[in-house]
1. With θ set to phi - 60° and the Karplus curve 6.51 cos²θ - 1.76 cosθ + 1.60, what are the ³J(HN,Hα) couplings of region 118-130 in order, to the nearest whole Hz, using x for Gly and Pro?
2. Working from the alpha-carbon coordinates of region 49-136, get Rg over Rh, Rh being the Kirkwood radius.
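Read the figures in this text as sums done on the coordinates, not as results from a lab. The shown structure was predicted, so the numbers you read here are calculated from the model rather than taken from an experiment.
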Amino acid sequence: MSQHKEHQATAPASKSRAGVAGTRLGLALAMCVVLLAACGDDNGSEPTAKSSTAKLASARAIEGDPYAIACGHVRNQQQWADVTRRATVTLADRERIPGLNRLQATQSLFFAMTELCKERPASYQPAKPAVEAVRAGTYRADLGAP
């Protein structure tokens, strides 16, 4: 008889779990609809996907001239992470920023380029202004212990 009571006690919990799962599914679908609606036509104030990948220097070109890196490279880390990393390391080695070791300079340059690329077109080349900003102390990566 106690087994029967346990079954009755868990039955409503199963129904409530199904209700929670249904609510979660409904919420997930609603979020998808909102995100898709947000991806609709814009008024042209933001760059489109085509303009953010258009006319970017190749990995080989950036390897030869790290100053050729553009905001399109910096923003699209899924595709350009290795190229961006190599460019910032090369810049740090070439520029030798006083008071910063190689890691600090590399991270500071990447931080500066990321900040400089906000609100700028994909074709903007942030390397030289990033070096100047890091030298001036405007952008410094905080590599301190947590």
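1. Once θ is set to phi - 60°, the couplings for region 118-130 become 5, 6, 10, x, 4, 7, 4, 9, x, 4, 5, x, 5 Hz.
2. Here Rg/Rh amounts to 0.95.
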